[in-house]
Each structure stands twice: as structure tokens, then as C-alpha cells.
1. Quick check on this structure: which one of GLU3, GLU84 is more than 24 Å from the chain's Cα centre (by Cα), open to solvent by 90 Å² or more (accessible area, probe 1.4 Å) and either at pLDDT 85 or above or over 30 Å from ASP136 (Cα atoms) (or both)?
2. Can you tell me which of SER43, SER64, SER96 is more than 25 Å from PHE164 (Cα to Cα), of a type in the set (Gly, Ala, Ser) and open to solvent by 80 Å² or more (accessible area, probe 1.4 Å)?
3. Have a look at VAL68, VAL26, VAL75 and point out the one that is of a type in the set (A, V, I, L, M, F, W, C), closer than 18 Å to GLY144 by Cβ and within 32 Å of the chain's Cα centre (by Cα).
4. Mind counting the residues in segment 129-156 that are of a type in the set (S, T, N, Q) and either within 13 Å of ALA99 (Cβ to Cβ) or in contact (Cβ under 8 Å) with a residue 60 or more places away in the chain (or both)?
5. Restricting to segment 32-70, and then to whatever is without any contact (Cβ under 8 Å) to a residue 24 or more places away in the chain and acidic (Asp, Glu), can you tell me which residue is nearest to THR21 (Cα to Cα)?
6. Only one residue in GLU79, GLU102 is more than 24 Å from PHE167 (Cα to Cα), acidic (Asp, Glu), open to solvent by 60 Å² or more (accessible area, probe 1.4 Å) and at pLDDT below 95. Which one?
7. Would you call ALA54 open to solvent by 70 Å² or more (accessible area, probe 1.4 Å), under 26 Å from the mean Cα position of the chain (by Cα) and not aromatic (Phe, Trp, Tyr)?
Amino acid sequence: SPERGVAFTLEAFEDGQPECTVTEVVPAGYAVTYEPENGTPNSEGCTFTGVTAATSYRCNIINSSLPVDVTVDAVWVAEGEGSEIEQSGTASLDCSNVASGETFFEWDIDGDTSYTAQIYPLADGSTSCSVSYGTDVSGVEPGGCEEPISVNTGDSEQSCTITFTVFFEGIPTINQYGM
């Protein structure tokens, strides 16, 4: 549990003989760091060699959430004459309640593409991201990614897709009799 310690008492041993290692089963979605007092740190835990009586040994175990990739895909849908239209726009990802790192990302869209940001979620499940997007190209209707993206510790990846649909209506003309 956060901020709570666990005490072990080693009894009936010969001074300087025991070797002890303190470790944990790392929770999913976390990286662990071990910081021993009077011991040696390693990736497996805190190791204490030559343990002596009436000496206190301490191992601080620090769990840090791993980043979750949040991917925003941009897809352009156009058929016929509309397929020659400029495929440009913008997208942004804005995240709240993030443990560390960046919380706002902005991208220029050029055709079908994907953008990925690494988000460090809070353990309480309150991390959320929203996507904004747009284009100044006439005859293009963007849609998708309307719902917030919930990012939780242990998620492998989260994603959403923006679809830019091209509507080509052509130029109205009048024949010579209509003039």
C-alpha cells in the first residue's frame, strides 16, 4: 500500500552470515525501483549481506506508472474527382490528470497518417484525453474521436480515428439554352 511499510524480524542467526533480499511482485502497468539503506540496489530488489544483530535495514520500493501510447489516426475518404483535393488539417490531444510528462500535443495532418503520444496515467483511473481537429479545405467534413479517451495504468494502448470525408459536388453549369 502507498506510504505503508512492512517490517520483518530476523531471529536466531549468526552475526554476519545471513544474506537477505527484499523484492515485490510488480503490479501490471508499473516499473519498480529499489532504494536500500545499508544494502545494495539491483533490478531484483534490495540485497543485504553480512546482516548483523541490532541493526536496522530498509528497502524503499518505488512503483512508477509506465506510459500508455495514445494514437490518433487520420484517414481521408474521397472518391472520383474529389480524390485530388488537398489532404491537410490539424489535430491536437489534450490530457488531464497525468502523472508526469507532456499533456498537450499538436500535429499537422498531411494525408492518411498516425500520431502517437506517451501518457503517464494516474493510478486512480482519472486520466482522460480529448482530441480536437479541423481542416480549412472546402468540401471536407471531419468526424470521429468525439468521446474522451480514458487512459488507465496497465493499458497497452488507446486510440481513435478521425475520418476526413471529401464531398465533391462539382461546379454547376448552364447549357446555351438555359442562358
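The values are calculated or read from the model by the stated rules, or taken from the named source; none is laboratory data. Quick caveat: nothing in here was measured; it's all calculated off a predicted structure. Cβ sites come from the backbone with ideal geometry, for glycine too, and all protein chains shown count toward neighbours. These area figures cover heavy atoms from the full protein model, side chains too; ligands, DNA and RNA do not enter into them. Shrake-Rupley method; radii C 1.70, N 1.55, O 1.52, S 1.80 Å.
1. On the way: GLU84 fails: either at pLDDT 85 or above or over 30 Å from ASP136 (Cα atoms) (or both).
So the residue among GLU3, GLU84 that is more than 24 Å from the chain's Cα centre (by Cα), open to solvent by 90 Å² or more (accessible area, probe 1.4 Å) and either at pLDDT 85 or above or over 30 Å from ASP136 (Cα atoms) (or both) is GLU3.
2. On the way: SER64 fails: open to solvent by 80 Å² or more (accessible area, probe 1.4 Å); SER96 fails: open to solvent by 80 Å² or more (accessible area, probe 1.4 Å).
Residue meeting the stated conditions: SER43.
3. On the way: VAL68 fails: closer than 18 Å to GLY144 by Cβ; VAL26 fails: closer than 18 Å to GLY144 by Cβ.
The conditions single out VAL75.
4. Going through segment 129-156, the residues of a type in the set (S, T, N, Q) turn out to be 130, 132, 135, 138, 150, 152-153, 156.
Now drop any that are not either within 13 Å of ALA99 (Cβ to Cβ) or in contact (Cβ under 8 Å) with a residue 60 or more places away in the chain (or both), which leaves 152-153, 156.
Here the count works out to 3.
5. Filtering segment 32-70 for residues without any contact (Cβ under 8 Å) to a residue 24 or more places away in the chain gives 37-44, 54-56, 58.
The next check asks that each one be acidic (Asp, Glu); those that pass are 37, 44.
Values: GLU37: 12, GLU44: 8 Å.
Filtering first and then ranking leaves GLU44.
6. Working: GLU79 fails: more than 24 Å from PHE167 (Cα to Cα).
Just a single option satisfies the conditions, and that option is GLU102.
7. Working: open to solvent by 70 Å² or more (accessible area, probe 1.4 Å): yes; under 26 Å from the mean Cα position of the chain (by Cα): no; not aromatic (Phe, Trp, Tyr): yes.
Criteria not met by ALA54.
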